[in-house]
Structure formats: C-alpha cells, structure tokens
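Below you'll find the structure, written out as structure tokens, and then a few comments.
Read the figures in this text as sums done on the coordinates, not as results from a lab. Since this is a predicted model, take the numbers as computed values, not measurements. Every residue, glycine as well, gets a Cβ built from its backbone with ideal geometry; the counts of neighbours run over all protein chains shown.
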Amino acid sequence: LKAWGLNSVGTEGRAGRSSLTLAMAHMMKPPIILLKDGTDASQGKNQIISNINACQAVVSIVKSTLGPRGMDKLIEEGHGTIITNDGATVMKKLNIVHPAARILVDISKAQDNEVGDGTTSVVVLSGELLKEAKSFLEDGLVAPQIIKGYRTACNLAVGKLLDMAVDLKNTTSPEEKRTMLIKCAETTLNSKLVADYKSFFAAMSVDAITMLGDDLSVSSVGIKKVTGGSVTDTILVEGVCFKKCFSYAGFEQQPKRFENAKILLLNLELELKAEKDNAEVRITDPDQYQSIVDAEWNIIYEKLDLIANSGANVVLSRLAIGDLATQYFADRNIFCAGRLEVEDLERTRRATGAEVQTTAQGITQNVLGYCGLFEEVQVGAERFNFFTKCVKTKTATILIRGGAQQFIDEAERSLNDSLMIVRRAMKNTKVVGGGGAIEMELSRYLREYARTISGKQQLVINYFARALEVIPMTLAQNSGADGTKVLNQLRQKHATAGPEGRWFGVDCINCEVCDAFESYIWEPVLVKESALNAATEAACLILSIDETVKNPQSEKPQAGPKGKGKGKGMPMGKGRGRGARVLKG
C-alpha cells in the first residue's frame, strides 16, 4: 500500500507538471501577424455605418444643386475658381479621399460619360438608399438581406420604367421629332446657369447633332470659347473653326480667304532640323560641311515643291511649319498653319473629306479636302480660321461668347450635357416625364408590389420605394416650396388619378404640382434607367464592404531617389564633400 501511495502521489505530481508545461507553452506561442505594423483594420457593422456616414456628407454638398432652382457651388483651386451646379464637376473638383465616398464620384462620372445628365440625381438617390439601409443595419438586419431586396426592387423599377416610356419614333413627323429633341434639351438646361437662354442653346444643340450624320459622336462637335460679347452672340458653325495657330514671319503675307478651297492635311514637320547634341560629323574638307547643309535645304525644298504642286490652297499640319516654309507658301499664295490640335485636325478631316498625310510623296487629288469657303475672321480679341460650306460635312463647331470666363466655362459644361442628351434621344426616342413624376410613379408601383409579398424583403422594397421620393422632395425644397405638402399632393395624384395621373411632378417655377408630360418636361428614358442602375449598384457595393484595411505608410509621400554623391542626400551643410574654405583673418 505504501508503494502504491507513493506511486499515486508521483502520478499526480507528473500530471500537474505536464498541465503547467502545456499552459506555459500556450502562453509562449507567438501571435500570427498578417499585416504590417501600423496598419489600421476596421470591420463589422460599425464599419458599414461609418462608410454610409461618409457618403451622406458628400450627398449633403451636392443635394442643393438639384433642379431648376438649385444653388451653384464656387470651388476655388490654385489656378482659379469654378462656378457650377453640374454634379459631375462638383464631385470631381471636391478631391474626395475617403475610399467608400469615392464610389459616388465614380458613378457620377460614369453617368456623365454615358448619358450626360442625371449626375446629381444618381448621387442623391444612392445616398438616400444608404440612409434607409442605415436604419435597417442599426435594427439588426444583415447587409446581404438589404442588398437582395434593393436589387429586386431595382429590377422591378427598371421593368416598369421601360413599360411606361412613351416612344415618339413612329408617331411624329420630322418637325415634331425636332420639337421633342428641343424639349429634352431644355429640360436638361433648366437646372444650368444658362437656363435663361435654354431655348437658344437647346435649338443650337439639336442643330449641331443633326449635322453629324449617322455617326452621332459628340467628339465631332467642337466647342470654342472667346471672352467678350453677349451670350446670344454664340454661333454654330456648320463645319470647323479653330483659333489661329502660332505663326512665323511671313504669315501676314499669306491670303486669308479662299472660295472653293483645296485643303491638305499633314502630320509632317516642315522646318530645318536642329543638330542633335550628341551628333558627330567628321569631315576632311571644309567644303564637305557646306554640302551637308545644302542637302538639308534640298530635302525641305523638295517637300515644299511637292506640296505646292499638289494644287492645295490651304496646308494644315499637326507638327511645326517653320519660317522658311511659311515664307515659301506666302510667295505662292498658299495659306498654312502648323501645330494644330489633334481634335481640330480630326474635325477638319470629317468636314472637308481630306486624308491626313505623313509624307509629301505621292500626294494626289483624292487625298485633298474641299470646302466652299475658307476665311480668317476676327472674333473678339482672337482670330479664328473658318471652314464652312462643306458639302459632306460631318462635324460642327459651337463658338461660345460671354462676359466672365467662369460663365463661359459653365456654358460649355451645360452645352456638353445638352449635346449628350440630344444624341441619346436621337438614338432612343423613348421619353418619360421629368420633375420627379417618374420617381413618384415607380414608388407607388413598388409599394403596391411590396404588399403582395411577406417577410423582410417586403420592408426593404417598401423603403426602396420611399427612397425614390427623395428626388421630388429635393426639387420642391430647392424651389422654396413646402416639400411635405407637395409630396403629399403627388402621392394623392398618383394613387387616385389612375393612368392619367402618372405624369404628375413638381412644378419648380410655380412651387406646385403639374402634369410634367403636358408641360413638356421630358427626359430620355436612358437617363432614368442608367441612374437607377448606377445608384442601386453603388449602394449595394458600399453595403457589401464590412472591413477596411488602411496602411498609414501608403498615405505618406514617396521619397525621391537618393543622390549618388558622397553627401547621400543629407541636408545642406552636412554633406561630406569638400566645399570652398574661408580663411579667417
């Protein structure tokens, strides 16, 4: 028994020591480090709410710019100031650094590139969807359920939108179609700084797009700006005009007007080449140097002779045309201009039918362009070259005039939006009522659909419908109306008036409700379709981000390369080099 007792005590002692060893081994196990030191990682529901709050701050900035009575933003940069209420421009100039909030910048830019209008609406709608989702998250609903409901609601809304759209393609004559395009352009310009001249610019936008033929590329419409004069002095050129390029001596001796001009377009340099710094020519006789110089002159004179013999009256080149070539062409009554912008050269090609040549060899009549009239005209303080009366023109140029430079810049942005809308409306003639009418009808439709289902998705779809009402609500508030009163009137109209009441929206001028379709507040269906899809995708993307990993080192500016000298990039006065010594008296 004694031996058994000793063995028992010994066993208990060994068990205690082994458990202590295991505990110590567990405590000494090194932690697993996945990220660099200093890296900040935030995750969970709080991170999603933090991203939503950042997006809400961005939305609050651009929300007041929505609608005809929206306010403008003055953005000061290092080189000047910008006054605009264009959503895409404001978002781009804010220089937002928050990674989640930058998603709103991207969707605004995508909306601007795709359809040209609706850049503010897509940001406001996305922000409202995130606001509704925030209350769900705080109540304990998981993000995947919200995302599923939002995508279902978006698909239902887009389907209803396409069903409601009115196609004016087969029911209108060419004159009525032009009127429809002008109304769409005026709706876009209503909220711009040039709203007082919307009829003037809307008709100009339609005429400009009509000149492009079947291509309908907005890049074929050039927009030039000249300070001075009135806004109504803005002209539409059926062809091309561009600012006079840099010129050498002898330019003033060239003719500045041609009728039935022949145009030659070059991507060729017409000037003597400067010697390269590392060039080396070894000669045994000084006369050989003169032969080298003569060869250079013979080469450029050969090019000039070939160009002059082609029969062209106007020579344009993307590269430089030197003083020798300028005087050569002046002596032969030929107009020339070098260093043209690539866009101007391309539009000249579209207007005149010329082909850009990269060599002076083999120039035939087939590669020359033709225009009925070429002339150089003084516009304000600038001189412009005009190519007009082109038979096969597929381009146009708008020359904007105005007082302040900021106003002209905003007019350019407004015209770009108007041109994009007209282009889209010509390709797809389906339109819907604006002024928040389509959003109210889609909201009513989604509420009725939500009553037919059960579960959490019913709540999510119902709140998606409520988020759509932010557009008419914001339009009414920015117009100075009672937003709650106007929204209740719209709900009553859309609920009781039947199909006849589906186009009731906000009358921002009179601060009341009106039939948007009868008031010619029309928008292409592509604008609303793109805005709905983009806003929903952005909201779902932000809701799906539950962790943000940020490395502070990546935010520091990159250091420049170290010097190769003995100083090794040390501050001035601490290098190891031997500088000049000063002897003290």
Legend entry - Cα centroid separation, the range 424-494 to the range 331-388 (Å): 52
Legend entry - Cα pair distances in the range 85-216, grouped into 10 Å bins until the bin that holds the longest one, percent each: 10, 27, 33, 21, 9, 2
Legend entry - For Phe504, residues with placed amide H under 5 Å, excluding near neighbours: Ala516
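Restricting to Cα pairs below 8 Å that are 6+ residues apart, what does the relative contact order work out to for the range 365-502? Please round to a whole percent.
Numbers: 98 pairs, mean separation 20.2, N = 138.
Relative CO of the range 365-502 lands at 15 percent.
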Inset, instruction - Tabulate in residue order the Karplus-calculated ³J(HN,Hα) for the range 462-474, using 6.51 cos²θ - 1.76 cosθ + 1.60 with θ = phi - 60°, rounded to whole Hz; enter x for Gly and Pro. - result: 5, 6, 4, 4, 5, 5, 5, 6, 5, 5, x, 4, 5
Legend entry - Cα-centred dipole magnitude for the range 75-229, charges only on beta-carbon of K, R (+1) and D, E (-1), debye, nearest 20: 160
Inset, instruction - Using R₀ = 56 Å, calculate the FRET efficiency as 1/(1 + (r/R₀)^6) where r is the Cβ-Cβ separation of Asp233 and Leu272; round to 0.05. - result: 0.85
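Can you check how the C-alpha radius of gyration of the range 149-284 compares to 2.2 N^0.38 Å, as a plain ratio?
Values: Rg = 25.6 Å, N = 136, 2.2 N^0.38 = 14.2 Å.
Taking the Cα Rg and dividing by 2.2 N^0.38 Å, one obtains 1.80.
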Legend entry - Computed P(r) (all Cα pairs; the range 244-365; 5 Å bins; percent): 2, 10, 20, 22, 18, 11, 7, 5, 3, 1, 0
Legend entry - Calculated from backbone phi, Karplus (6.51, -1.76, 1.60) coupling profile of the range 81-94 in Hz, x at Gly/Pro: 10, 10, 10, 7, 10, 6, x, 5, 5, 4, 4, 5, 7, 6
Inset, instruction - Calculate, in nm to one decimal, what Val342 and Thr358 gain on full extension: separation in residues at 0.36 nm each, minus their alpha carbon distance. - result: 4.4 nm
Legend entry - Other-chain or far-sequence residues with amide H under 5 Å of Gly228's (modelled H): Gly402, Gly403
Legend entry - Karplus-derived HN-Hα couplings along the range 476-487 (A = 6.51, B = -1.76, C = 1.60, θ = phi - 60°), whole Hz, x at Gly and Pro: 5, 5, 5, 8, x, 8, 7, x, 5, 5, 5, 5
Legend entry - For Cys245, distant residues with modelled amide H under 5 Å away: none
